[in-house]
Every structure is written in structure tokens, then in C-alpha cells.
Amino acid sequence: MKKILSIAMLALVATGAQAQEAEKKADNKPVFTTVKENPITSMKDQNRSGTCWDYSTISFFEAEILKATGKTYDLCESFVANKTYMDRAIQVVRYHGDCQFAQGGSAEDVLATMKQYGICPEDAMPFPGSLYGDSLNNFNEFFGQLEPYVAAIAKSTAKKISNQWKVGLQGILDAYLGQCPEKFTYEGKEYTPKSFVQSLGINLDDYVSITSYTHHPFYTGFAVEVQDNWRFPHSLNLPLDEMMRIIDNAVMQGYTVAWGGDVSEDGFTRQGLAYAIDTKKTESLAGSDMARWLKMTAAKKKNIIDSLGCTVPEVKVTQERRQERFDNWELTDDHGMLIFGIAKDQNGKEYYMVKNSWGETGDYKGVWYMTKTFIADNTMDFLINKNAIPKDIRKKLGI
């Protein structure tokens, strides 16, 4: 009987502890108040494909068109992917394989495609995944064919290669993505991809890329040294505070931002939140020390971070910290998303509202709330309408 009572008491204690933990998590869950929210188009799902760069930048241009004309478009990511992968393969062959061929890319790939080839609406090409019996993109088999094909040509020992390899590669691209149309009808009018992009009401020369690093002079342009920046477009280099001013000004003036950066940190959650966590302070609040913290499983760290919620300590972002993280490979360009709003939590902390391309996942149906500190710490670069840049910064840049 005593043993049963003891077990019951332990169960009650455990239940009480769990209840306290749940209550603590609930108290620390952010409650958001929207400061500014700009119109965006519907959520999409890139599914099992490395095309965040494509989806996020298409979303950006759809929002730009919506702002400029009031019209909602659903532009085709598969068109951009088809053209981009051919262009990238051609570069790899020209370099004899001494550069990377991969699924990833940058916002520049979408802009370059629209300038050179045009664009088409989503329904002018097969729905993603439909050609091979899937409901969404799945690039596993696709790139299983594409990568060795490109490598075989690029590393060929032949003294001369023919252009027929492009015909074969185009066949693979068309088989999995669909053929890019030469003509199509939209709302009763016939277009080519080039005439269609010209009808959208935006000027493709209005867009510039922004970054912030100290290994190049400020107020000059340079090609950010990451592998997926394979077209080598220049980003305009600014001090950290001015880079962040541009994002704030853009959102408040009704623009969106095609953001590229790092989401591999512990503070980026699958629930729709992102914090630039100060690990040392978090250890202290968790009653741990560095040695214990480093030995914790990812699940235990996540539980601690979740329980702290919006009270989790964040780092102080500096220009020096950004440069160090870039140079030691800690800051990478692993994801593209769309910044479209600003919100505050119950403690007054400010967040950017960010559209993802994973469908309506997470607690906020596809939207991520990412603190301004997280964005400052993890931005690689972003594409912006130059008219969204404050006038004093534009003057310094000469644009």
C-alpha cells in the first residue's frame, strides 16, 4: 500500500511539474500585434526541391506587381527553374566542372531569367510534380539524372564536344519540369514569355541587391562569395545599420524584400519563429553551464528554448560579428524567404513577418515571425526595389 501511495505521489509531482512547464511555455508564447503588413500572394510549397530562391523571388515579384498595378498574378517557378538549370549547366561545362552545379540559386536567377527569357503564368506549364506522378516538386530522381549528366560532359576528356549535350539536357529538364512555352494565352490575349513580362507593370531595372560585410569597401558593389551566387551579380555593400534601415523603410513604404540568409541556427523553429539566441545567457537561465549545454541533445535544447519563448536572450549583432560568422562558414545562404511586414510581441520586441515556401506549415500557416536581431545576424543579401531605399542612402550609393 505504501509503495502504491509513493508511486501515486511521484505521479502527482511529475504531473504538477509538467503542468508548470506547460504554463511557463504558454506565458512565454509571443502574442503579436501587427505594425505593418503588406499584401502578398498565396502560399506555395516547394516540397522536396532546393528551389527556395525561386519561390521566394517569384513571390517578391508577384508582390511588386500587386503594389504597382493592384493585379494578382501566379507566376511560374518551373519556367525559371528550367531556364536557370540550363544556364548553370552551360557555365559548369565552360569551366570544365570547376564550379558547382546544384539545385540552389539566388534571387538574381529569377531576375536574370525574367530579363533574358521572360516569364509565364503558372498554368502555362504542367503543375509541379505532375509529370512524374507526384502532387508537388520532388527533385530526388530529377537531380539523380541531371547532376551526373552535367558532370559527364563537364569532365569529358574529349578534345572537342558537340552542342548535342544541350539537346539531351533540355530533354531531362522538360521531362521533369515541363517545356517552356513559346506562346500562351492569358485572359484571352496571346503572349510570348517576353511580351508577358513586359505587360506586368514593373521595371526590371529597378531592382538591386544589398549586403553588409567589411571585406569590401562600403558603398561599392561586389559579388558575394557563395557558391549559389554563380552568376556573380554585384550586391551593394552597406554598414549594418543602413542595411537594416532599408528593410524597415521598405516595409513601412509598402514594399516587400526578397531575403536570402541562414536558417540553420537553433533559434529558427519549425513552428514559425526565429530568434538569434544568445547561448551563454540561455545556459545561465536554464541552470546549465557551457559544458553541460554542449552535451545536451537537440531535443533538450529545444525544450529549454521553447519554455523561454519570446523571453529567450538574443545576441548583440555587430558588424564584426557578421564578418566573423561569414568568414568561418557559420553564416550561410541556405534559404530564401519574403519579408512583407513588421509586428511586435507583448514585450515590445519587433519581428519581421516573413512568407516561407513550405506551404501552410507552422503555427502561423506559412508565415514566420523572425526578430529583427535574427535578420540582422543572418542576412546574406536581399533583393529590393531601389525606390524603397531611403534617399540619403541612395545618394551615397549613386543610384
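The values are calculated or read from the model by the stated rules, or taken from the named source; none is laboratory data. These numbers were taken from a predicted model, which means no experiment stands behind them. No Cβ is skipped: glycine too gets one built from the backbone with ideal geometry, and neighbour counts run over all protein chains shown. Protein only, heavy atoms only, side chains kept; ligands, DNA and RNA dropped before computing areas. Shrake-Rupley method; radii C 1.70, N 1.55, O 1.52, S 1.80 Å.
For the range 148-192, the set of residues classified as touching a His at 6+ places or on another chain (Cβ under 8 Å) and crowded, with 18+ Cβ neighbours inside 10 Å consists of ALA154 only. Considering only residues in the range 240-285 that are in contact with a strand residue (DSSP E or B) (Cβ under 8 Å, 6 or more places away or on another chain) and in a helix (DSSP H, G or I), the one that is farthest from ASP333 (Cα to Cα) turns out to be MET252. Filtered by the rule that a residue be under 22 Å from the mean Cα position of the chain (by Cα) and either within 15 Å of ASP174 (Cα to Cα) or of a type in the set (Val, Ile, Thr) (or both), the range 87-119 gives ASP87, VAL110, THR113, ILE119.
Somewhere in the range 20-35, is a residue modelled with pLDDT of 95 or more and either assigned to a helix (DSSP H, G or I) or in contact with a Cys (Cβ under 8 Å, 6 or more places away or on another chain) (or both)? Checked against the condition, which is being modelled with pLDDT of 95 or more and either assigned to a helix (DSSP H, G or I) or in contact with a Cys (Cβ under 8 Å, 6 or more places away or on another chain) (or both), the range 20-35 yields at least one hit.
Residues in the range 329-354 that are polar (S, T, N, Q) and closer than 19 Å to GLY260 by Cβ: THR332 alone. ASN203 - would you say it is more than 30 Å from MET296 (Cβ to Cβ), without any contact (Cβ under 8 Å) to a residue 60 or more places away in the chain, out of contact with any Lys or Arg (no Cβ under 8 Å at 6 or more places or on another chain) and open to solvent by less than 10 Å² (accessible area, probe 1.4 Å)? It is false that ASN203 is more than 30 Å from MET296 (Cβ to Cβ), without any contact (Cβ under 8 Å) to a residue 60 or more places away in the chain, out of contact with any Lys or Arg (no Cβ under 8 Å at 6 or more places or on another chain) and open to solvent by less than 10 Å² (accessible area, probe 1.4 Å). Scanning the range 113-124 for residues that are at negative phi and open to solvent by less than 10 Å² (accessible area, probe 1.4 Å) yields THR113, MET114, ILE119, CYS120, PRO121. Is one or more of the residues making up the range 23-41 within 24 Å of TYR176 (Cα to Cα) and aliphatic (A, V, I, L, M)? No; the residues of the range 23-41 include none that is within 24 Å of TYR176 (Cα to Cα) and aliphatic (A, V, I, L, M). Kindly indicate whether any position in the range 297-314 is at pLDDT 95 or above and surrounded by fewer than 22 Cβ atoms within 10 Å (Cβ to Cβ). Within the range 297-314, one or more residues are at pLDDT 95 or above and surrounded by fewer than 22 Cβ atoms within 10 Å (Cβ to Cβ).
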